[in-house]
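This report concerns only the one structure given below.
Quick note: the coordinates plus some simple rules give every number you see, no bench work behind them. Keep in mind it's a predicted model, so treat the numbers as computed, not measured. Backbone-built Cβ (ideal geometry, glycine too); neighbour counts: all protein chains shown.
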Amino acid sequence: MHEARRYCAPVTKRALITGITGQDGSYLAELLLAKGYEVHGLVRRSSTLNRSRIDHLHGTAGLHLHYGDLTDGVSLSNQLRDIEPHEVYNLGAQSHVKVSFELPEYTASTDAVGTLRLLEAIRAAKLDCRFYQASTSEMFGATPPPQNESTVFYPRSPYGAAKLYSHWVTVNYREAYDLFAVSGILFNHESPRRGESFVTRKITLGVASIKLGLTDHLDLGNLEAVRDWGFAPEYVEGMWRMLQHDEPQDYVLATGIGTTVREFCQYAFAHAGLDWEDHVRYDKAYERPTEVDALIGDASKAQDVLGWRAQTQARGLAELMVDADVEHLGRLVRHKRELGD
Ligand code: NDP
Ligand code: GDR
């Protein structure tokens, strides 16, 4: 493989994506394949295949999957050495904030030290590649909005603290080793591919289940939290633009609009002709030991430097996610009925 590459021209850009089976990884893989990249994705071993978000890409020329894990530095070094990527997107993470209170050490190993392992593997292999780190608005935590690249960090969870380590180590490798390393501080972004235990998808799936008569209620925790919810495909475009710029810099991506969980419920239920107050129940099990009250991003730098701007806002997002879940769940229900279940 190496020999062949040495004598072949022109070189197609190769990208390595950790977290390719996740929401963002799947959209980023589609984006890069459409741009003509050779895309390599790290996948974790699991007892049943966990690739539903990239199943539709199976067999696509230019897509290559490799076993690897951010907790296994050897696997990262081996894959980087063999793939020789031009761009590395580090999207892999234990990404659930509440779960990070229950799995703090694992979260730190994956979300903090995992980034260090990857950066060290790039440095050790002397790779001339560009690096994207999936940083998060959770790093701002308790600091009130609006938040931008200069806002003071104050994480409120093991997840936020682990991601803050990765943010700073990315900055450090840029300054210490002249690596083209970028940290994208992304506010919440959602889609029909969003994991089912994040609040937006939980709500839109709940709405679809109620609409189809499968249940009559939805249990939620804190309805007062404010988040800045955008649409994931627009955000992966922003990641790519960060790595195409001449200078490695850090950027916030956000819509600039704050919405409470309660308002998101209102939008989603109303779109299905339902009143959220008839169905949503409070369950303290979904509260966190420490909460992040309000995140609203100021993405003016990304707009000025990268020409990036969020297009979709919370209400439109809730509606497109409800439509997708009603469609998806409706198909499953019909299929089960046809089977006589
Ligand atoms: P997901 O939870 O949907 O995807 C996470 C991905 O990471 C999955 O592919 C998962 O693999 C993989 N992963 C988990 N643990 C490991 C590990 N130990 N080694 C290698 N890979 C691992 O997250 P999103 O797509 O929503 O987010 C992408 C990244 O962006 C994450 O780092 C997240 O923390 C960050 N982020 C997300 C935001 C959002 O609103 N979506 C906002 C800001 C930052 P598997 O499928 O096998 O579980
Ligand atoms: P967040 O997303 O913690 O912002 O992290 P999540 O959707 O989990 O929570 C958002 C807010 O909703 C409140 N909430 C509930 N949350 C969940 N998951 N389930 C519930 O039943 C529920 N009820 C109320 C939460 O308390 C919180 O205030 C996401 C992840 O994608 C991170 O990886 C990413 O870094 C940040 O967004 C930006």
Measuring from its Cα centre, the chain shows a charge dipole (+1 at each Lys and Arg Cβ, -1 at each Asp and Glu Cβ) which, in debye to the nearest 20, is 780
Amide H contacts under 5 Å for ALA181, restricted to residues at least 5 apart in sequence or on another chain and with H modeled in the peptide plane, are PHE131
Over the chain, the sum of -39500 (n - 2.57) across DSSP H runs of at least four, divided by residue number and rounded to 500 deg cm²/dmol, gives at 222 nm -12000 deg cm²/dmol
Here the relative contact order (percent) of segment 1-160, from C-alpha pairs under 8 Å and at least 6 apart, is 22
Against the 2.2 N^0.38 Å rule of thumb, the C-alpha Rg of segment 1-129 sits at a ratio of 1.07
If the chain between LEU274 and ASN78 were fully extended at 0.36 nm per residue, the gain over the current Cα-Cα distance would be 65.3 nm
Once GLU237 and ASP219 are pulled to full extension, the length gained, defined as 0.36 nm per residue separation minus their Cα-Cα distance, is 3.1 nm
Note to self: C-alpha centroids of segment 261-296 and segment 116-146 sit apart, in Å, by 31
Kirkwood radius from Cα pairs of segment 189-338 plugged into Stokes-Einstein at 25 °C, 0.890 mPa s, gives D in µm²/s equal to 148
In order over segment 112-118: 3J(HN,Hα) from phi, Karplus 6.51/-1.76/1.60, θ = phi - 60°, whole Hz, x for each Gly or Pro, gives 10, 5, x, 5, 4, 4, 5
The alpha-carbon pair-distance distribution computed for segment 94-228, with 5 angstrom bins and whole-percent values, is 2, 9, 16, 18, 17, 14, 9, 7, 4, 2, 1, 0
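With both partners inside the chain, how many of the DSSP beta bridges are antiparallel, as a percent to the nearest 5?
On the way: 2 of 37 bridges.
Given both bridge residues lie in the chain, the antiparallel proportion sits at roughly 5 percent.
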In the chain, taking the dipole from +1 charges on Lys and Arg beta carbons and -1 charges on Asp and Glu beta carbons about the Cα centre, the listed residue (ILE185, GLY25, SER197) farthest towards the positive end is GLY25
Counting sequence-distant residues (5 or more places) and residues on other chains, those with an amide H built under 5 Å from that of VAL43 are HIS66, TYR67, GLY68
Of the residues THR12, SER46, GLY36, the Cα lying farthest along the dipole of segment 12-56 towards its positive end, which is defined by charges on the beta carbon of Lys, Arg, Asp and Glu, belongs to SER46
With DSSP loop assignment and no more than 16 other C-beta atoms within 10 Å, the GluC sites (Glu not before Pro) in segment 79-180 are GLU149
Sorted by chain and number, the residues with a modelled amide H under 5 Å from that of ALA134, at a separation of 5 or more or across chains, are ASN90
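For the chain, what is the convex hull volume of the alpha-carbon atoms per residue, in Å³? The partial results should precede the final answer.
Numbers: hull volume 49.5 nm³, N = 341.
So the per-residue Cα hull volume is 145 Å³.
If you take the square roots of the eigenvalues of the alpha-carbon gyration tensor of segment 52-127 and sort them as a ≥ b ≥ c, do you get rounded (a/c under 1.5), prolate (a/b over b/c) or oblate? Let's see the in-between values first.
Details: a/c = 2.62, a/b = 1.21, b/c = 2.17.
Here segment 52-127 falls in the oblate category.
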Relative to the chain, whose Cα atoms define the longest principal axis, helix 23-34 and its Cα axis are tilted in degrees, nearest 10, by 50
Ranked by GNM mean-square fluctuation in the chain (Cα springs under 10 Å), the top entry among GLY256, GLY22, GLY330 is GLY330
Note: segment 244-300, point scatterers on Cα, Debye, no solvent; log10 I/I(0) at q = 0.12, 0.26, 0.27 Å⁻¹ equals -0.51, -1.10, -1.12
Flagged as over-length at 31 Å C-alpha distance, from LYS163/LYS284; LYS98/LYS126; LYS35/LYS336; LYS202/LYS336; LYS163/LYS202; LYS35/LYS211, the pairs are LYS98/LYS126; LYS35/LYS336; LYS35/LYS211
